[in-house]
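Below: the structure, in structure tokens.
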Amino acid sequence: MLEIAGSLLSLAHRIFGPGLCPGDWVWGTITAGLLLGLLPVFAALLVSLVRKGTGNRYDVVTLSVFGVIGFVLVFLVPWLLATGVSEVFRSVFRGERGGLSANEVASMSDGFCMVGDQRTYLGGGPTVYDVLFHPFSGPLVTLVRIGGLVVLPALCALFVIIQARIAMRRGPKWPGRLLWIPFVLFAVLSVAIEANVATYLWLGFLPASVLGLIPLLVVGAPAWSTVERSYQRPDPAGPQQPQHPQSLQQHPGQQTHQPPVNRPPINRLPPPPTRVAGMPPQQQQRPPQQMRPPQPPAQRPPTPVEALLPPLRDPVPDRTPLAQLAKDPGPLPFAAASAAPRPTAPPSGGRFQKIRALGHGGFGTVWLAKDTHLNRTVAVKMAHAPDHETEQRMMREARALAAVHHPNCVRVYDIVEDQGELGIVMEYIEGDPLADLVAPGKPLDDLATARLWMTMAGALSAAHARGVLHRDVKPSNIILDPEGTAHLIDFGIARSQGDSTLTATGMMVGTPDFLASETAAGATATPASDAWQLAATVSFALTGHPPRGSRDNAMAALMAAAKGEPLTHLPTRSAHRALLIASLDPMPGRRPTLAVVQREMSRWLAKSGHAEEGPVTSPVGREIIEQADRTRRI
């Protein structure tokens, strides 16, 4: 190791060893420290490159590779070389060559300002341990030595930690300990090095640690698609296609080509229990021949009917690729148009009593109404002109809403016909839209924004898992109820996969200020488009402005969106700025998915000490809700 350290010192002396104060070999020692400082940078670069392919998948193999890289390049090699450089100077001080040439050894006898004989200055002094724990100089000299032997290593450790955190971008930061903990161990064990040599080594190590941040930033973080793939777990049972009761129904003349399934016939089910008049249902018993000993629910095999029903569970966005939509949009409130004649809605029969208009747009008017049969308040969206295209659009909206089951999505109750107009009966959510609660002078804080982003990302994930795109996420389509909870409404231009876009010629689909560039340019909407619109809405919540700013008219806003003009109104001091910039990337493939957004917001809330559940805004008084303008366009 002495020969290798001597070669390193000789190389450093040839790279930069001018005959200037404090001496050529002092400058050579600083250069050697700079070369040693490149080793942790190289280790962080290797970790970044590995994460380009593995993302956040930290299994035993990946962590072992990170641990070996950190131990060898951040601790073992720098410590051996630094100790060897110190031993080279000590050997020269004792009259040996220490792996250097005769001319190099002779040049160490040259004296310079404040240093004198470099051979004695670099090889004949006390160690770091002696200087720190057995000081023998005056207070001023001791203070200077402490600055060189304690402050400089601490600054180097700070930048090594920053390097590790940059290498772990877009993921948990704890694996970075495998890089900076070995460096701390190297700094502690360097107490056996000659004090003057250690000071100049750290003096060269520091700029290398600072400049090493540049290549790490150039390499960049792993792609969001790689990060998302690392969270997906393969299903050992293989992919399963969702089944719905509609797929089991056969129309007249339709033949099935499915292979027979080995299950008991339906007619072998036990008959229903015998009902005895006047006896409570709990005391009703089955006939003696049908009685069986009770079995625990976990061990009871499912009946054929239960096997035919779809599993009642919420979609798990973290386990399913959100880049592909499900082919089956979910249970429908009526038969599909491709499998049956055009459905007709039943007449309302005066069941819904209109109270006042909540808003109106290009495809219909939303009314606040009362369900006189069930005595509840509902929202009914009626078509202005019930032609064939409008009917198809209304049916699609009902199908989309019926397919989504999420506590933060508006629910559909029924579809009716009233005086020749089609109407969708929906849940009425009392509250104010986000567009009215956010203004340039009163934006939401990071905590409220994190809950808003996480809640709406979950709602859109549930819609995407059912094959439904919203395509018009904007502040006016997010309602904050009196408790401050956010709800996603107005799937009026939503469509399921396989549906054609039924709009009038020249009709603009979506709001231009919150429209993704690819959809504004005419490309097909995707889950990434919904994610962009949600990020734009979150940016509005933090600033009070759309991310591209406002335009004088809708056409100018549409042109700005189609050309992908720069984002000029992003938050400057928000903790979510980096994720917002990534989510508003003009390229859909580079945007983080909604599942990534949910995880990042959950991690931020946990790190900040806040619960995920909670109001987005403070409770809204009912008097404010009653005074709100309910006649605006939607």
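Kindly indicate whether A195 is touching a helix residue (DSSP H, G or I) at 6+ places or on another chain (Cβ under 8 Å), crowded, with 18+ Cβ neighbours inside 10 Å and over 30 Å from R603 (Cα atoms). Write out each step before concluding.
On the way: touching a helix residue (DSSP H, G or I) at 6+ places or on another chain (Cβ under 8 Å): yes; crowded, with 18+ Cβ neighbours inside 10 Å: yes; over 30 Å from R603 (Cα atoms): yes.
Criteria met by A195.
Could you please give the count of residues in the range 562-614 that are in a loop (DSSP other than H, G, I, E, B), farther than 22 Å from G544 by Cβ and among the hydroxyl-bearing types (S, T, Y)?
1
I'd like the residue in the range 66-103 that is over 57 Å from the mean Cα position of the chain (by Cα) and not polar (S, T, N, Q) and, out of all such residues, is surrounded by the most Cβ atoms within 10 Å (Cβ to Cβ). Reasoning before the result, please.
Let us first name the residues in the range 66-103 that are over 57 Å from the mean Cα position of the chain (by Cα), namely 92-97, 101-103.
Filter once more, keeping what is not polar (S, T, N, Q): 92-97, 102.
Numbers: V92: 26, F93: 20, R94: 11, G95: 9, E96: 13, R97: 14, A102: 8.
Applying the filter and picking the extreme gives V92.
Out of (1) among the hydrophobic types (A, V, I, L, M, F, W, C); (2) out of contact with any His (no Cβ under 7 Å at 6 or more places or on another chain); (3) within 23 Å of T199 (Cα to Cα); (4) surrounded by 18 or more Cβ atoms within 10 Å (Cβ to Cβ), what's the single condition that is false for W25?
Only one criterion in (1) among the hydrophobic types (A, V, I, L, M, F, W, C); (2) out of contact with any His (no Cβ under 7 Å at 6 or more places or on another chain); (3) within 23 Å of T199 (Cα to Cα); (4) surrounded by 18 or more Cβ atoms within 10 Å (Cβ to Cβ) is unmet by W25, namely (2).
A quick yes/no check of all residues on (1) touching a residue at least 12 places away in the same chain (Cβ under 8 Å); (2) closer than 26 Å to A520 by Cβ:
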{"residue": "A561", "(1), (2)": "yes, yes"}
{"residue": "P571", "(1), (2)": "yes, yes"}
{"residue": "S574", "(1), (2)": "yes, yes"}
{"residue": "L580", "(1), (2)": "yes, yes"}
{"residue": "A595", "(1), (2)": "yes, yes"}
{"residue": "A606", "(1), (2)": "no, no"}
{"residue": "E612", "(1), (2)": "yes, no"}
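Which of the following residues is surrounded by 14 or more Cβ atoms within 10 Å (Cβ to Cβ) and in the same structural domain as L39 (by TED's automatic domain parsing): V188, V184?
Values: V188 fails: surrounded by 14 or more Cβ atoms within 10 Å (Cβ to Cβ).
Testing whether each residue is surrounded by 14 or more Cβ atoms within 10 Å (Cβ to Cβ) and in the same structural domain as L39 (by TED's automatic domain parsing) leaves just V184.
Go through the range 47-68 and report how many residues are of a type in the set (A, V, I, L, M) and touching a Phe, Trp or Tyr at 6+ places or on another chain (Cβ under 9 Å).
Residues of the range 47-68 that are of a type in the set (A, V, I, L, M), as a first pass: 47, 49-50, 60-61, 63, 65, 68.
Among the residues that remain, those that are also touching a Phe, Trp or Tyr at 6+ places or on another chain (Cβ under 9 Å) are: 47, 50.
Of the residues in the range 47-68, 2 are of a type in the set (A, V, I, L, M) and touching a Phe, Trp or Tyr at 6+ places or on another chain (Cβ under 9 Å).
Which pairs have Cβ atoms under 8 Å, sit 6 or more apart or on different chains, and link a residue in the range 501-529 that is under 20 Å from R396 (Cα atoms) and modelled with pLDDT under 50 to one that is surrounded by fewer than 20 Cβ atoms within 10 Å (Cβ to Cβ) and of a type in the set (S, T, N, Q)?
Close Cβ pairs (under 8 Å, with a partner that is surrounded by fewer than 20 Cβ atoms within 10 Å (Cβ to Cβ) and of a type in the set (S, T, N, Q)) amount to L502/Q392.
Is it fair to say L567 is surrounded by 14 or more Cβ atoms within 10 Å (Cβ to Cβ), modelled with pLDDT of 85 or more and under 26 Å from R57 (Cβ atoms)?
Numbers: surrounded by 14 or more Cβ atoms within 10 Å (Cβ to Cβ): yes; modelled with pLDDT of 85 or more: yes; under 26 Å from R57 (Cβ atoms): no.
No, not satisfied.
Applying the selection to the range 364-397, what residues are out of contact with any strand residue (DSSP E or B) (no Cβ under 8 Å at 6 or more places or on another chain) and either at pLDDT 85 or above or part of a loop (DSSP other than H, G, I, E, B) (or both)? Don't jump to the end; show me each part of the working.
Pass one, the range 364-397, residues out of contact with any strand residue (DSSP E or B) (no Cβ under 8 Å at 6 or more places or on another chain): 373-375, 385, 387-389, 392-393.
Answer for the range 364-397, where residues must be out of contact with any strand residue (DSSP E or B) (no Cβ under 8 Å at 6 or more places or on another chain) and either at pLDDT 85 or above or part of a loop (DSSP other than H, G, I, E, B) (or both): H373, L374, N375, A385, D387.
Within the range 530-564, work out how many residues are at pLDDT 85 or above, surrounded by fewer than 23 Cβ atoms within 10 Å (Cβ to Cβ) and hydroxyl-bearing (S, T, Y).
Result for the range 530-564: 1.
The values are calculated or read from the model by the stated rules, or taken from the named source; none is laboratory data. Bear in mind that the values here come from a model prediction, so they are computed numbers and not experimental data. We place every Cβ from the backbone using ideal geometry, glycine too, and count neighbours over all the protein chains shown.
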